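Contents: one structure, followed by commentary.
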């Protein structure tokens, strides 16, 4: 039983990569989702349903399809990726950055949906009253809207973190399964499952995946309950 918790260097690297990708993905998604969620919650305009459908498309598309589209767009032969590579020498596909991009794309709908719902629950009259008293829109947003919507914002961020942590299909398609560079926890589990006799290593990574996700969700739930009590 002791050997179950004796992690190898490659396993620790996979854990580090997974947590790093999930953190970067959440930090990148949060400010964009905050502005987009507010916009969708407060504005009515033609084509809004189409924009919302496009945002939520990665939720229903097969992750491998999402990864393939990213490869077509941002790969070295893609219409954006080719320009980036030829102009700036930037290669995105099959890199650590590609794993982050894949995680952002697949987790973004979750955080936008959560933030939009939370902002819709905030009484617009409070924002109007703040602006009538002479407070600017930006200050009102950060002093009134964001604090009142904080439980939903935090919940959405944690959901995005957990989704990024478990991302597999888009990552393996767009970033590959390169040990030490793009091999996150789900990819390492998949790789170990293909090799006979590596059941212990597979189980170790499965256990740590469950633990990290559980701790993240538990902390999120505790924070939301604390916010509701206060």
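Subtracting the Cα-Cα distance of residue 131 and residue 60 from 0.36 nm times their residue separation leaves 21.6 nm of extension gain.
Figure legend: label point modelled 7 angstrom from the Cα of residue 76 along Cα→Cβ; residues of region 138-177 with amide N under 19 Å from it are 172-177.
Normalised size of region 23-95, defined as Cα radius of gyration per 2.2 N^0.38 Å with N residues, equals 1.37.
Between residue 223 and residue 8, the modelled labels are 3.5 nm apart [label points 7 Å from Cα along Cα→Cβ].
If the viscosity is 0.692 mPa s and the temperature 37 °C, what Stokes-Einstein diffusion coefficient in µm²/s follows for region 90-205 when Rh is the Kirkwood radius over Cα pairs?
195
Taking packing as the residue-averaged number of other Cβ atoms within 10 angstrom, the listed peptides 197-204, 103-110 run from highest to lowest as 103-110, 197-204. Considering only 142, 45, 96, the mean-square fluctuation computed in a Gaussian network model of the chain, springs between alpha carbons under 10 angstrom, is largest for 45.
Label sites at residue 16 and residue 193, each approximated as a point 7 angstrom past Cα along Cα to Cβ, lie 2.6 nm apart. Relative to the 2.2 N^0.38 Å rule of thumb, region 151-190 has a C-alpha radius of gyration ratio of 1.36.
The ranking of 76, 157, 171, 87 by Cβ neighbour count inside 10 Å, starting from the fewest, reads 87, 76, 157, 171. Taking a quarter of the surface of the Cα convex hull of region 1-131, what do you get in nm²? That works out to 13.0 nm², a quarter of the Cα hull's surface.
Based on C-alpha pairs under 8 angstrom that are at least 6 apart in sequence, region 103-215 has a relative contact order of 28 percent.
For the chain, the relative contact order is 31 percent, taking Cα pairs closer than 8 Å that sit 6 or more residues apart in sequence and dividing their mean separation by the residue count.
Overall dimensions of region 44-86, expressed as equivalent-ellipsoid semi-axes from the Cα gyration tensor (√(5λ), whole Å, largest first), are 26, 15, 5. Counting only alpha carbon atoms, the long axis of helix 146-165 and the longest principal axis of the chain meet at about 20°. In the chain, the longest principal axis of the Cα atoms and the axis of helix 199-229 are about 10 degrees apart. For the chain, the longest principal axis of the Cα atoms and the long axis of helix 96-120 meet at an angle of about 30 degrees. Calculated from the structure at hand, Cα extents along the principal axes in Å is found among [x] 67, 48, 29; [y] 73, 51, 36; [z] 57, 43, 37 as [x].
Bear in mind these aren't lab numbers, they're just calculated from the coordinates by the rules spelled out. The model shown is predicted, which means the values in this text are computed figures rather than measured ones. Cβ sites come from the backbone with ideal geometry, for glycine too, and all protein chains shown count toward neighbours.
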